[in-house]
Structure formats: structure tokens, C-alpha cells
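Enquirer: Got a structure for you, written out below as C-alpha cells; questions coming shortly.
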Amino acid sequence: MTPQASIPKRGRHPGGPLQVLALVNQKGGCGKTTTAVNLAGALAQRGERVLLVDLDPQSHATMALGCAPLEEPTVAEVLLDEAYIEQAIQSGPLGIDLVPSRPRLVEFEETAERLLHPEQRLKVSLDAVRDRYDWVIVDCPPRAEGVLCANALFACTSAFLIVETGAFALQGALQALRVLDEMGENQGRAYEVRVVGTLFDRRMRLARELLVALHARFGAAMFDTVIRTSVRLREAPAVGLPVQALDASCRATQDFAALAGEVAGMFGPEADRASLLQAGLTPSHESPVLITSKNH
Ligand SMILES: Nc1ncnc2c1ncn2[C@@H]1O[C@H](COP(=O)(O)OP(=O)(O)OP(=O)(O)O)[C@@H](O)[C@H]1O
Ligand SMILES: [Mg+2]
């Protein structure tokens, strides 16, 4: 990946808390990486300073941003305590910064049980760069109960549960919530969980019904924006670009812009707070949404 001229960055959270979003679901192929890369793109287009951390040895987010996964150092070296996170950061398209991954990340998983508090390593590393970003988006592997996901959850300010609006979506989401509950118990905290629906095909009655059911179950924790199926979202990773850079007006670009607007409104600074209050809404970070598998 060649460093690109960054778009001007506003740094909209002077002194404000860095938001770290962990994108999770133990279900493979539900759209975690697609959401990570393109939400990062949409937030970057709003002028936000975004760091994407690829925490999956499959390196899909790394490749989706056009970065060769064999370049060093990567998140593997950071977690193995062989490199500082600053050394691993690369500049990506649209001004997104990336901590890439590579298959060697499995070494960290294999050696983790011999380490003291291995789940705290990402958070400790991020502390060194917390003033440089407004958002850190962590793309998790599907093995939700593993040490990599534990790192993402320990570091996060919110967990985003990515739910494919296909068959068994609700059961899968509730199972994912149970995993989050267990991880939370292990870490002695409850995560603020938000739910993002993906791969939505409005032509399918099942998908429409599932969406209604997800809203009924998760209420305010569920984003209004749902990511529709889009050929562009399949094409974009192949050319190493977020969808916004591939097609500025396609529906996927619109969907992620809408999602980024909701995300910024929920967790963002005063400007968004003002617009929410104007609309008669309370910024949700002032009343954290705590959902667990027990109240569903
Ligand atoms: N909204 C969408 N429209 C069309 N294709 C999509 C959409 N979202 C994801 N895909 C495609 O579905 C596949 C799986 O998506 P993705 O890699 O984002 O899932 P994942 O949850 O990260 O998978 P894994 O658990 O293996 O990491 C990819 O080929 C991706 O391009
Ligand atoms: Mg993935």
C-alpha cells in the first residue's frame, strides 16, 4: 500500500474520549470485515481520524485496504511485544490508517496462555496513539471466544455485533450476545453493545421479517441503518479500496454514510450532540445501552 495524501483531518474530539469499536460475531462471513473497512471509509470521509486494526490472521481487512499482509511489522509483532504500534501503522486509502495483520498472528494465539494478561495487550498499545485518532475500528476473527477477540473487547468502548439478516439471524445474534456476556464476566465488565444488520436483501420476505424481529429484540441498541447487499461491496476488496473510493454514489456508499452518521451522532462530539438534541433525542453515550443475553 502506498502512502496517499490524506484528506484534511478535523480532529473533532479534542481531549474527548477515543471511541474504540470492536466488530464481532462468531458467525463467519456475516460482514464484519466489510463493515470495518467501509465504516472506516465513511467516517474518514466525514473528516474523522480513523485507525483500523486488523485482528484476524486471515488479513482480509488488510488486503481490502490494498496492503500486502506480509509486510512487517504487523499487529502480530505488536501483540507479541516485538514492535511498537506506531511502527506497524500504515497509511491507507481515504486517509484511513491501518495496523495490518498477517498469518503469524496465530503465534500470539498459541503462546497467549503462557503470558500474563494477554487480553490487555491491544489496549495498552493503543494508549500510545490515543491522541492521534477519533475512532479505532477493530476487525475481529470469527473465533469470538479466543484471545484475539478478548483483546478487542478489553480495548473497546463499544462492541458492534454484526448480524447477517439471513436465516437464523436472531438465534445467531443471541448466541453471540451470550459469548459477549461470558467474555464480559471474565473481564469483569459489561460491554455497551450495538447491533448492525448486514447483507440485507429487501426482495426476501424472510430478510424483511428478520429485520423487524431484530429491531423488536434489540430496540435502541440496533442501528436504523441496515447494510444492503451490493455487488460493489464484493468488488471493492478485490481492488484494495473502501467502497467510497470505488463508487462515490452506489447504494453501499450511501448505506455506510448513513451508518457513519448514526455512529457519529451516538458517540460523537458536541456538534452531533446538538443535532440530536434538536431532533428531541438524547445522545446515547449519555445513557449507555447495555443489552445482555439475559434480558433477551
Ligand atoms: N452487504 C454485502 N453485499 C454483498 N456482499 C457482501 C456484503 N457484506 C459482505 N459481503 C461479502 O460476503 C463475504 C463475507 O463478508 P466479510 O468478509 O465481511 O465477513 P466476515 O464476517 O468478516 O467473515 P469472517 O468471519 O470470515 O471474518 C465477502 O465476500 C464479502 O464481500
Ligand atoms: Mg472478516
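A short reminder: the numbers here are calculations on the coordinates, not readings from a lab. From a predicted model like this one, the values you see are computed outputs, not experimental measurements. All Cβ positions, even for glycine, are placed from backbone atoms using ideal geometry, and neighbour counts span all protein chains on display.
Enquirer: Points 7 angstrom from Cα along the Cβ direction at Met204 and Gln171: gap in nanometres?
Expert: Modelled inter-label distance: 1.5 nm.
Enquirer: How about region 139-228: which trypsin sites (Lys or Arg not before Pro) there are in a DSSP loop, with at most 13 other Cβ atoms within 10 Å of their Cβ?
Expert: Passing sites in region 139-228 are Arg189, Arg202, Arg203.
Enquirer: Shifting gears a bit: In nanometres, what is the gap between the two model label sites at Ser249 and Glu82, each 7 Å from Cα along Cα-to-Cβ?
Expert: With each label placed 7 Å out from Cα toward Cβ, I get 4.8 nm.
Enquirer: Taking 7 Å along the Cα-to-C-beta vector as the label spot, tell me the Arg234-Ala216 distance in nanometres, rounded to one decimal.
Expert: 3.2
Enquirer: Residues of region 144-179 with backbone nitrogen within less than 19 Å of a virtual label 7 Å along the Cα-to-Cβ line of Arg104, please, listed as ranges.
Expert: Residues 148 fall inside that zone.
Enquirer: Using the charge dipole of region 19-295 (Lys, Arg: +1 at Cβ; Asp, Glu: -1 at Cβ; taken about the Cα centre), state which of Val53, Ala207, Leu80 has its Cα farthest towards the positive end.
Expert: The Cα lying farthest towards the positive end belongs to Ala207.
Enquirer: According to the square roots a ≥ b ≥ c of the eigenvalues of the Cα gyration tensor, what is the shape class of region 19-295, taking rounded for a/c under 1.5, prolate for a/b larger than b/c otherwise, and oblate for the remainder?
Expert: The shape class here is rounded.
Enquirer: If you don't mind, another one. Where does region 62-208 land on Rg(C-alpha)/(2.2 N^0.38 Å)?
Expert: 1.14
Enquirer: Write out the chymotrypsin sites (Phe, Trp or Tyr not before Pro) in region 147-244 meeting two conditions: DSSP loop, and at most 12 other Cβ atoms within 10 Å of their Cβ.
Expert: Taking region 147-244 and a limit of 12 other Cβ atoms within 10 Å, the loop chymotrypsin sites (Phe, Trp or Tyr not before Pro) found are Phe168.
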